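The values are calculated or read from the model by the stated rules, or taken from the named source; none is laboratory data. Only a predicted model underlies this, so the values are computations on that prediction, with no experimental measurement involved. Cβ atoms come from the backbone with ideal geometry, glycine included; neighbour counts cover every protein chain shown.
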Amino acid sequence: MVEEELLTCWQGSSYREFVKFQDKSFVQCLSSPWGGGEAGGGNMHELSIAMNIIEIAEENARREGASFISEIELEIGALSGVVLEALEFAMESAVKGTMLEKAEVKIDKIPAKAKCVECGKIFNTDDLYTPCPECSNPFSDIIQGKELKVKSLKAE
Ligand SMILES: [Zn+2]
């Protein structure tokens with residue numbers, strides 16, 4: 001049984017810009033060539049993400065000498081630009097013939113939070129445009145909800 005922590009982040013300018021291996025944690029950053037934040041751009045986006053997730057998982061499982069992956073856990077932020085249903089659908093078809101064919105795919109949804117640039121109020125939001133509930137300032141920084149991570153992996 002191998003359990004490995006993987007992290008991916010959705011920032012930067014190239015698709016697989018940053019790969020780092022430290023002890024047992026594997027950090028890999030991804031960025032969206034589609035800009036992110038927009039839902040409903042068709043299934044190609046989610047299919048590419050699904051294939052990249054599988055690639056990351058297989059690389060790690062192989063490194064550990066595992067022959068199949070029994071469970072994969074993902075963290076998907078509400079503002080990651082990923083349509084969950086489309087990703088689930090894409091994963092179902094993309095895992096065929098891979099080490100993840102029988103893997104249980106767990107998806108943790110991360111709600112979005114914004115911080116007002118004016119008064120510093122932190123509030124829940126579903127988009128990038130909600131004004132601050134405290135001072136009505138329209139500008140805020142997203143501090144949570146852009147996650148797109150492979151959180152953990154169980155391989156055997
Ligand atoms: Zn405010």
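Remarks
- Within the range 54-65, the set of residues being in contact (Cβ under 8 Å) with a residue 60 or more places away in the chain and closer than 13 Å to residue 103 by Cα comprises 57, 61.
Residues checked against (1) closer than 25 Å to residue 154 by Cα; (2) of a type outside the set (Gly, Ala, Ser); (3) in contact with a helix residue (DSSP H, G or I) (Cβ under 9 Å, 6 or more places away or on another chain):
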| residue | (1), (2), (3) |
| --- | --- |
| 53 | yes, yes, yes |
| 57 | yes, no, no |
| 60 | yes, yes, no |
| 88 | yes, yes, yes |
| 104 | yes, yes, no |
| 114 | no, no, no |
| 120 | no, no, no |
| 128 | no, yes, no |
| 134 | no, yes, no |
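- When the strands (runs of 3 or more DSSP E) confined to the range 95-135 are screened for residues that are in contact with a Ser or Thr (Cβ under 7 Å, 6 or more places away or on another chain), those reaching at least 2 such residues are found at 112-116.
- Checked against (1) exposed (fewer than 14 other Cβ atoms within 10 Å of the Cβ); (2) modelled with pLDDT of 50 or more, residue 17 passes all but a single condition, namely (2).
- Any hit, the range 137-150, residues being surrounded by fewer than 17 Cβ atoms within 10 Å (Cβ to Cβ) and within 8 Å of the ligand (Cβ to nearest atom): yes
- Residue match in the range 105-128 (condition: buried (at least 21 other Cβ atoms within 10 Å of the Cβ) and more than 16 Å from the ligand (Cβ to nearest atom)): yes
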